[in-house]
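Participant: Structure incoming, see below.
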Amino acid sequence: MCNRTNPPRVNRSHATWTCTYDHTAGGVIGVMTNVLARVGRRFRDLPGRLHRDERGALSMLSVIVILALTMVLGMIINVGKHVDDKIKMQNAADASAYSSTLVVARGMNAISFSNHLLCDTFAITAFLREARDRNAEAMVPEILDAWSNVGKIFAKSQFPKFRTLGSAIQNKVPDEKELVRTFGELGSAIAQEILPVMEYSLRERLIPEFQRAVVQTMPQVAQATANDVAGRHGQHSDPAANRKEERERGRQVGILWRTSVIAVGYPDERDPQTRTLPAIDPEPGSSLGVPQPIPDPNPDGMEGNDYQAIPGAGAYLKLAVQQREQLSRMYLNQWVNDRLRFFAMEGKMSQYINLYHVFSCGQLMKLLNEEYPFSNLPHMIRLADNGVDPNKFRNCTDCLASSQNYLDQNFMFVGVAYRRQMKEMMYGLFRYPLSHDPLAFAQVELFVPKARMWYHDGSAGTSPPSDIGGGGVGVNVPIPLDPPPAVATPPGWGFEGWPGDWSLLTQNWTVRLVPATHGNILSIIQTQPPPEAIATGQPLTVVLPSLPGIDMRMLREINSH
């Protein structure tokens, strides 16, 4: 037993304990009982003391709040990463679709330019052949001799004015003879250097072979562009971060689709009814059973393929022959009027320019009808299924349905950007909600813009802008040298004077992003693209969506593009 002895109040801290021990069993048991009783009283009072003691409560609450805020912050960061990734993928799809379809537009413009180049080559060849043969020059001396006789008659007139005219005619005839002779020698020298090149181009069919190569290769270039642009949009500026993300997600892939659910450029572009560029080669090759007057020394093996594969090939051949003659005549007239414009005014006594027109036109008809009647033909735009020229759809109010179907099939494209899903923030806490990898898509239209309207105030000399964006047609050569004064026109609205035909005669093909509303978009985003369409040549490893219960109406409701 222990007893406490308290010191006086002055030094209460120095209390002493006096213990006496009872060595009996009962004494030990009593001591233990007292200790256990005191411990039990302390534990019985513990809940009360904890309830009354508020020390540390704020710390525990802070731990709970910080934990909750950490989870919310992780969720916000995770959602923000997904939203940012979605925006970047949509930008990639827009840029990929636009850039790759622009390559298709450039292919169309290349075909249009080469169509004009082909007809211009015929015109230059005819012009130079006449310069080589000098048929018009041979007839000029007889005409000028006749003028000389007329001058002699006028010189004997009793009227002074006619006598002066007769002297002037007699003095000018030698000058015009020398002018024609000099121009003939100049043209002959030029023809000797340039004409073989022009004739070689026609004989080897270089321009049609170039056009067939454009039709075959430009879609594959467009597909490579779609893949490259999408991949660039999926890269980081930091090389280390970019390598890390590519290890986790792979490279971002872009594919350009036709609305017929066929990847652009694949499996091939040989079928004229399904190829990407709606351009038809009308050359029959050996299909007509008529040998070519001038055979192709080095054929490329594609002559007549379109003619045999497409229905109504005879209509394309007829249109191509007509178009070639029309454009070739136009370019030949421009060449003669421009190169011989001096003879239209100052040297018109010789009639050299008119004679040159006649003989060079004869050279052109020989080229078109005798030497190359069914070869060196311009490519034609693909007609509608019912054979209607698509240019008639521009201002047709009664054929909206058929024109829309034709335009959707041939001039609408869908670009899709693919990539594996990104790594989640706090992976064990958050999970990607979709069963497929993310993708984004965009729809692009290939078209020829209409001529814009402009307002003229009626003052003299005002004329609409011409040849904006190219076109290669409608170039006016001023004849005579001094143009007549412009005639004022009433003020009002008019259209710009540049070609806007929906055909392969205009070089104004361009593209624009349009709302993604085509009915086959659902099929496109669920279709696995061919491995060859991907830059790496490897199969696409992303998981594509499966949307059996979704229709286009529902897709339009959830799609914000």
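Participant: Along the Cα-to-C-beta direction of Leu513, a point sits 7 Å from the Cα; which residues of the range 70-92 have their amide N less than 20 Å from that point?
Facilitator: Under 20 Å, as judged by backbone N against the label point of Leu513, lie 82-92 of the range 70-92.
Participant: For a footprinting-style exposure proxy, rank Ser546, Ser148 by other Cβ within 10 Å, fewest first.
Facilitator: Details: Ser546 10, Ser148 17.
Final ranking by Cβ density, sparse to dense: Ser546, Ser148.
Participant: Estimate the FRET efficiency between Glu193 and Gln528 by the formula 1/(1 + (r/R0)^6), using the beta-carbon distance for r and 45 Å for R0, to the nearest 0.05.
Facilitator: So the FRET efficiency works out to roughly 0.20.
Participant: Please check which bits of the range 404-446 a label hung off Leu67 would reach, taking the label as a point 7 Å along Cα-to-C-beta and the cut-off as backbone N under 19 Å.
Facilitator: Within reach of a label on Leu67, which here means backbone N under 19 Å from a point 7 Å along Cα→Cβ, the range 404-446 contributes 426-430.
Participant: OK, next. Given R₀ = 45 Å, FRET efficiency for Glu246-Asp300 by Cβ-Cβ distance, to 0.05?
Facilitator: Values: r = 41 Å, r/R0 = 0.91.
For R0 = 45 Å, the calculated efficiency reads 0.65.
Participant: Which aspartates and glutamates does Lys172 reach when only Cα atoms under 16 Å apart count, and residues fewer than 8 places away in its own chain are ignored?
Facilitator: Filter leaves Glu142, Asp145, Glu346.
Participant: In addition: Using the number of other C-beta atoms within 10 angstrom as an exposure proxy, rank Ser59, Ser100, Ser114, Ser503 with the fewest first. It would help to have the intermediate numbers written out before the result.
Facilitator: On the way: Ser59 8, Ser100 29, Ser114 20, Ser503 17.
The order, fewest Cβ neighbours first, is Ser59, Ser503, Ser114, Ser100.
Participant: Still on this structure: Taking neighbour Cβ counts within 10 Å as the exposure measure, how do Tyr406, Tyr200, Tyr418, Tyr352 sort from fewest upward? Walk me through the numbers on the way to the answer.
Facilitator: On the way: Tyr406 20, Tyr200 11, Tyr418 28, Tyr352 25.
Neighbour counts put them in this order, fewest first: Tyr200, Tyr406, Tyr352, Tyr418.
Participant: Tell me the label-point distance for the pair Asn386, Asp228, using the 7 Å Cα-to-Cβ offset, in nm and rounded to one decimal.
Facilitator: With each label placed 7 Å out from Cα toward Cβ, I get 4.2 nm.
Participant: Here's a follow-up. Please give every one of the lysines within straight-line cross-link reach of Lys423, meaning a C-alpha to C-alpha distance under 23 Å, and leave out same-chain neighbours fewer than 8 residues apart.
Facilitator: Lys81, Lys86, Lys88, Lys244
Participant: So what is the diffusion coefficient of the range 105-240 in µm² per second by Stokes-Einstein at 10 °C and 1.306 mPa s, using a Kirkwood Rh over Cα pairs? Kindly include the intermediate steps, with their values, before the conclusion.
Facilitator: On the way: Rh = 20.4 Å.
Estimated via Stokes-Einstein, D reaches 78 µm²/s.
No lab work stands behind these numbers, since they all come straight from the coordinates. Remember, it's a predicted structure, so these values are computed and weren't measured experimentally. Cβ coordinates were reconstructed from backbone atoms using ideal geometry, including for glycine residues, and neighbour counts include every protein chain displayed.
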